[in-house]
Ligand SMILES: Cc1cc2nc3c(=O)[nH]c(=O)nc-3n(C[C@H](O)[C@H](O)[C@H](O)COP(=O)(O)OP(=O)(O)OC[C@H]3O[C@@H](n4cnc5c(N)ncnc54)[C@H](O)[C@@H]3O)c2cc1C
Ligand code: SF4
Ligand code: SF4
């Protein structure tokens with residue numbers, strides 16, 4: 001039950017409404033009023049819990065005004081996990097009004113073809129990708145109605161090869177095997193950034209890892225949690241944990257900030273017994289940065305964007321930068337506000353296109369000022385969002401995962 | 001006036017995007033950070049977010065004509081229910097109106113709109129080597145408008161005083177919509193004794209006399225040097241004694257902050273790296289100025305504090321200083337951490353007592369906590385006798401709430417009895433209005449008549465600062 005969820009029972013009362021979270025919330029920065037603030041989200045959950053507010057379309061829309069970026073929770077002096085509370089509320093709303101998630105997606109978005117086209121472009125989803133794949137990429141398959149006639153019509157349905165179809169279940173280590181790891185291939189990387197996945201596997205192999213990519217693993221569950229489908233998220237957790245435990249691996253690695261933060265977070269905490277690593281941390285701290293990296297053919301000035309789910313949720317900030325700096329030819333140039341959100345965050349760009357773009361605009365300005373030639377970041381959702389923003393602003397920088405640059409340093413001549 | 005009609009009129013004047021009227025959206029304006037707002041639901045009828053003096057004036061004229069209460073609001077970080085519409089009506093959220101109109105470097109002043117965030121102003125001023133010295137713990141979130149209305153101060157008041165010392169002039173929209181400028185209409189002078197001092201009247205007026213729409217602020221050159229002495233005391237009584245000894249040595253630190261044992265624990269639970277030693281009390285002395293004098297003063301304070309403290313650290317490393325200062329700034333909220341199933345509440349949180357009574361006050365507050373079976377965390381600006389008490393309770397347990405209310409009343413009365421005041425910087429709002437007569441006696445009558453002159457219909461932030469006149 002929602003009301004008895006530990007986080008709802010114990011955390012709401014700890015909010016003293018000091019407003020410190022307002023100073024970091026990307027959504028608040030756009031609207032600047034309390035009805036778009038993290039403190040407001042906590043209050044909304046409280047009102048729902050205490051029955052002072054009933055679930056309605058408006059309430060569902062308010063609960064949806066959150067990127068789950070953890071900027072607030074990582075700064076809150078009381079330590080309140082706001083996104084977890086929002087997720088609990090969304091689950092409750094989903095139970096009370098099973099159509100709430102769909103209403104939001106179909107009511108607010110799919111009924112507005114102009115917005116839809118733009119949002120889909122922003123999400124990096126070519127019309128040709130096919131709606132089912134888009135839904136899969138966003139982890140929404142389960143919350144969408146069966147045949148999707150409306151959406152399919154708008155989007156067409158030609159599928160495209162994903163990373164999974166190009167990677168073997170077990171890729172052997174080059175030379176002596178140091179360790180056997182599971183590569184948690186997230187939906188975003190798989191469908192939207194398959195090149196990142198290929199680079200990840202090859203580099204891990206190069207560094208002595210036998211890499212297992214189980215074809216049976218499913219989405220980590222965070223999109224479902226974010227969209228109020230808690231039960232499905234919990235089923236996914238059990239499914240994935242079972243598989244991961246059977247793989248006989250020393251560690252679980254992912255190049256996706258959202259996946260690792262989910263795998264390390266409250267959903268999996270009590271279940272998953274294998275250690276989870278962000279890819280850059282695993283390379284820098286466990287495997288060691290290889291000494292044989294060659295210089296890039298041309299020097300490249302790179303600026304690094306901290307994904308919220310890495311820097312705020314996991315406090316990982318230095319290792320991706322160390323990785324970048326280890327590649328001869330890469331000059332790292334910091335942007336102002338490197339750790340502010342880009343506004344992407346899974347389905348958010350689809351359901352809240354306009355605010356997502358305002359958040360992105362500020363980010364792009366900061367990138368522009370560095371005069372860098374490329375942007376690096378460790379999250380497929382951020383890569384997609386930033387690429388879109390740069391394209392829209394007429395800037396031609398590539399947005400890469402650091403692993404792609406390392407891969408170049410190891411393999412390209 | 002009918003609510004629907006009011007909303008229509010406001011939308012006509014301001015445009016739909018500046019009027020919030022959905023019942024769910026209004027709910028977010030039913031609170032500030034006060035305990036009182038946690039226990040009640042004060043729903044406004046409508047919220048407006050004007051972005052020009054004319055818009056504010058239009059709203060005031062409408063409200064004045066139809067007798068509708070108007071409550072100005074900044075970031076809502078106040079602890080007194082000040083920015084909450086306890087009698088309904090219009091909440092005027094000025095926080096989105098956050099333009100820094102002009103930084104007049106040559107004349108050492110800035111013109112800002114009310115919604116500018118304190119920390120952002122100081123960031124901007126730093127580019128010109130200047131700063132606005134008052135330093136509230138809420139710097140990252142509170143607005144300059146809110147600071148002026150509450151005459152806020154904070155961690156550096158001991159040397160730099162309160163907001164009022166820096167206000168050269170204000171633009172104010174009166175309850176009837178009329179616009180005035182205090183401190184000289186064209187003036188950019190940094191001192192003036194011309195006319196009755198209306199600027200001072202509006203500073204600290206808590207939104208009951210008019211809406212502040214522009215602030216002309218005196219700023220200072222930013223000192224080049226800074227350092228912090230952390231002194232650790234085995235006994236709470238020794239801390240205030242050390243403070244007096246530092247003053248006697250002819251040193252005026254820019255801040256002197258105290259954390260008691262529970263506050264220390266809260267800071268360490270917030271961020272373990274800050275790593276404060278466990279003790280009965282810790283004092284943080286901040287010194288600023290030119291680097292040579294900072295060094296001299298820092299070491300001198302270290303020497304003096306060592307007579308009573310068991311451990312003294314002189315920090316000039318920027319990272320360490322930032323950690324220590326952050327620890328102190330967040331303790332107001334982080335206090336909640338000392339009890340896993342509880343929270344701190346903002347009530348009875350701001351008494352200020354004579355310097356000579358600080359030790360006695362801290363002892364008495366501890367005894368009161370015991371009497372009411374409530375854990376109290378104490379911290380505050382000990383350099384000016386301003387003690388922040390955080391009762392940590394389970395706010396969802398009615399008995400604890402009642403006990404806290406009794407404790408808070410005792411604390412307020414204690415302050416007055418010891419020759420202090422119920423509020424050193426947070427203000428009166430709705431939560432301390434009942435002590436007006438106890439503190440000010442006949443002077444309250446004069447306050448009421450000033451209010452009556454400026455706001456004859458009583459529509460500006462009603463129910464705050466002093467209660468209604470007794471029959
Ligand atoms: C964690 C924390 C730490 C704090 N630390 C300090 C501290 O160290 N020192 C200190 O002094 N205070 C402190 N405070 C209290 C509070 O932050 C200050 O009083 C602050 O000045 C309030 O600003 P605000 O923008 O939030 O105003 P609000 O809370 O929104 O409003 C405060 C009052 O001002 C009125 N008001 C606001 N704007 C206007 C305007 N433009 N015109 C007319 N009236 C207006 C409102 O009606 C209300 O009465 C702290 C609060 C918190 C939560
Ligand atoms: S969530 Fe945390 S930071 Fe935000 S208002 Fe509540 S206590 Fe303050
Ligand atoms: S998680 Fe991000 S978007 Fe959501 S309330 Fe917190 S800061 Fe705002």
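Contact list please: Cβ distance under 7 Å, first residue in the range A:85-107 and under 10 Å from residue A:2 (Cβ atoms) and assigned to a helix (DSSP H, G or I), second residue within 16 Å of ligand 1 (Cβ to nearest atom) and at pLDDT below 80, pairs at least six apart or on different chains.
Filtered contacts from the range A:85-107: no entries.
In the range A:311-344, which residue that is out of contact with any helix residue (DSSP H, G or I) (no Cβ under 6 Å at 6 or more places or on another chain) and part of a loop (DSSP other than H, G, I, E, B) is surrounded by the most Cβ atoms within 10 Å (Cβ to Cβ)? Working first, answer last.
Taking the range A:311-344 first, the residues out of contact with any helix residue (DSSP H, G or I) (no Cβ under 6 Å at 6 or more places or on another chain) are A:311-312, A:315, A:318, A:321, A:325-326, A:328-329, A:331, A:334, A:338, A:340.
Now drop any that are not part of a loop (DSSP other than H, G, I, E, B), which leaves A:312, A:315, A:326, A:328-329, A:334, A:338, A:340.
On the way: A:312: 24, A:315: 9, A:326: 18, A:328: 11, A:329: 17, A:334: 12, A:338: 18, A:340: 21.
This residue is A:312.
Is one or more of the residues making up the range B:41-51 in contact with a strand residue (DSSP E or B) (Cβ under 8 Å, 6 or more places away or on another chain) and within 21 Å of residue B:170 (Cα to Cα)?
Yes: the range B:41-51 contains one or more residues that are in contact with a strand residue (DSSP E or B) (Cβ under 8 Å, 6 or more places away or on another chain) and within 21 Å of residue B:170 (Cα to Cα).
Please specify each residue of the range B:31-45 satisfying the condition of being more than 14 Å from ligand 2 (Cβ to nearest atom), within 24 Å of residue B:392 (Cα to Cα) and more than 8 Å from chain A (Cβ to nearest Cβ).
Listed by number, the residues that qualify are B:36, B:39, B:40, B:42.
What's the total number of residues in the range B:15-27 that are closer than 14 Å to residue B:49 by Cα, outside any helix (DSSP H, G or I) and at the interface with chain A (Cβ under 9 Å from one of its Cβ atoms)?
Result for the range B:15-27: 1.
Looking at the structure I just gave you, is residue B:48 surrounded by 24 or more Cβ atoms within 10 Å (Cβ to Cβ), more than 14 Å from chain A (Cβ to nearest Cβ) and more than 30 Å from residue B:389 (Cβ to Cβ)?
In short, no.
Would you confirm whether or not the range A:9-19 contains a residue that is more than 12 Å from ligand 1 (Cβ to nearest atom), under 24 Å from the mean Cα position of the chain (by Cα) and over 17 Å from residue B:32 (Cβ atoms)? Walk me through it before giving the result.
Our first condition is that a residue be more than 12 Å from ligand 1 (Cβ to nearest atom); within the range A:9-19, this holds for A:9-14.
Narrowing further to those that are under 24 Å from the mean Cα position of the chain (by Cα): none.
No; the residues of the range A:9-19 include none that is more than 12 Å from ligand 1 (Cβ to nearest atom), under 24 Å from the mean Cα position of the chain (by Cα) and over 17 Å from residue B:32 (Cβ atoms).
For the condition crowded, with 19+ Cβ neighbours inside 10 Å and over 26 Å from residue B:423 (Cβ atoms), what is the one hit in B:24, B:84, B:59, B:91? Talk me through it step by step, then tell me what you get.
Values: B:24 fails: crowded, with 19+ Cβ neighbours inside 10 Å; B:84 fails: over 26 Å from residue B:423 (Cβ atoms); B:91 fails: over 26 Å from residue B:423 (Cβ atoms).
Exactly one of B:24, B:84, B:59, B:91 is crowded, with 19+ Cβ neighbours inside 10 Å and over 26 Å from residue B:423 (Cβ atoms), namely B:59.
Among the residues of the range A:263-276, are any surrounded by fewer than 17 Cβ atoms within 10 Å (Cβ to Cβ), without any contact (Cβ under 8 Å) to a residue 60 or more places away in the chain and within 21 Å of the chain's Cα centre (by Cα)?
yes
Can you name every residue in the range A:1-52 that is within 8 Å of another protein chain (Cβ to nearest Cβ), closer than 13 Å to residue A:77 by Cβ and not in a helix (DSSP H, G or I)?
Within the range A:1-52, A:15, A:16, A:17, A:18, A:19 meet the criteria.
Assess whether residue B:384 counts as being closer than 15 Å to residue B:422 by Cα and away from ligand 3 (no atom under 16 Å from the Cβ).
When the stated conditions are applied, residue B:384 passes them.
Being out of contact with any strand residue (DSSP E or B) (no Cβ under 8 Å at 6 or more places or on another chain) and within 16 Å of ligand 2 (Cβ to nearest atom) is the filter; apply it to the range B:52-80 and report the residue that is nearest to residue B:346 (Cα to Cα).
Once the filter is applied, the top-ranked residue is B:79.
Given the criterion in contact (Cβ under 8 Å) with a residue 40 or more places away in the chain and over 19 Å from residue B:73 (Cβ atoms), identify the matching residue among B:141, B:108, B:92.
Exactly one residue qualifies, and that residue is B:108.
Hey, residue B:10 hits all of (1) in contact (Cβ under 8 Å) with a residue 12 or more places away in the chain; (2) closer than 25 Å to residue A:47 by Cα but one; which does it fall short on?
Single failed check for residue B:10: (2).
Are there any helices (runs of 4 or more DSSP H) wholly within the range B:398-468 with 1 or more residues that are closer than 30 Å to residue B:67 by Cα, touching a residue at least 40 places away in the same chain (Cβ under 8 Å) and not assigned by TED's automatic domain parsing to the domain that holds residue B:172, and if so which?
B:443-454
Which count do you get for residues in the range B:326-364 that are within 14 Å of chain A (Cβ to nearest Cβ) and either part of a helix (DSSP H, G or I) or surrounded by fewer than 24 Cβ atoms within 10 Å (Cβ to Cβ) (or both)?
Of the residues in that region, 17 qualify.
Every residue, every condition in (1) in contact with a strand residue (DSSP E or B) (Cβ under 9 Å, 6 or more places away or on another chain); (2) over 19 Å from residue A:192 (Cβ atoms); (3) in contact (Cβ under 8 Å) with a residue 12 or more places away in the chain, yes or no:
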{"position": "A:345", "(1), (2), (3)": "no, no, yes"}
{"position": "A:362", "(1), (2), (3)": "no, yes, yes"}
{"position": "A:384", "(1), (2), (3)": "yes, no, yes"}
{"position": "A:387", "(1), (2), (3)": "yes, no, yes"}
{"position": "A:391", "(1), (2), (3)": "no, no, no"}
{"position": "A:395", "(1), (2), (3)": "no, yes, yes"}
{"position": "A:410", "(1), (2), (3)": "no, yes, yes"}
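Mind telling me which of the residues A:16, A:7, A:42, A:55 ends up being more than 13 Å from ligand 3 (Cβ to nearest atom) and surrounded by 24 or more Cβ atoms within 10 Å (Cβ to Cβ)?
On inspection, the qualifying residue turns out to be A:16.
The values are calculated or read from the model by the stated rules, or taken from the named source; none is laboratory data. Here the structure is a predicted model, which means the values were calculated and not measured. Cβ atoms come from the backbone with ideal geometry, glycine included; neighbour counts cover every protein chain shown.
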